[in-house]
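Have a look at the structure below, then the notes.
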Ligand SMILES: [Zn+2]
């Protein structure tokens, strides 16, 4: 039973934060930038904006 629909493909650190590439259950690749600290702004690109029309995430 798999409750996580996103599979982590790769993860690496940059000067701005941690960049995580993940693949959704529907097959789309997504890039997410998780900034260091609490004041940063996260960036997501390549996948769905916020909710997957297929898997609901
Ligand atoms: Zn999806």
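All of the numbers you see were taken from the coordinates with simple rules; none came from a lab. Please read all numbers here as calculations on a predicted model, not as lab measurements. Quick reminder, even Gly has a Cβ in these numbers, built from the backbone with ideal geometry, and neighbours come from all protein chains shown.
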Contact order normalised by residue count of the chain, Cα under 8 Å, 6+ apart, percent: 25
From a point 7 Å beyond the Cα of residue 41 in the direction of its Cβ, which residues of region 10-34 have a backbone N at a distance under 20 Å? 14-20, 31-34
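Starting with the fewest neighbours, write out 22, 10, 15 ranked by other beta-carbon atoms found within 10 Å of each beta-carbon.
Details: 22 20, 10 9, 15 5.
Least to most surrounded, the residues fall as 15, 10, 22.
With Kirkwood's inverse mean 1/r over C-alpha pairs for Rh, give me the Rg to Rh ratio of the chain, two decimals please. Please list the in-between numbers first.
Numbers: Rg = 12.0 Å, Rh = 12.0 Å.
Rg divided by Rh gives 1.00.
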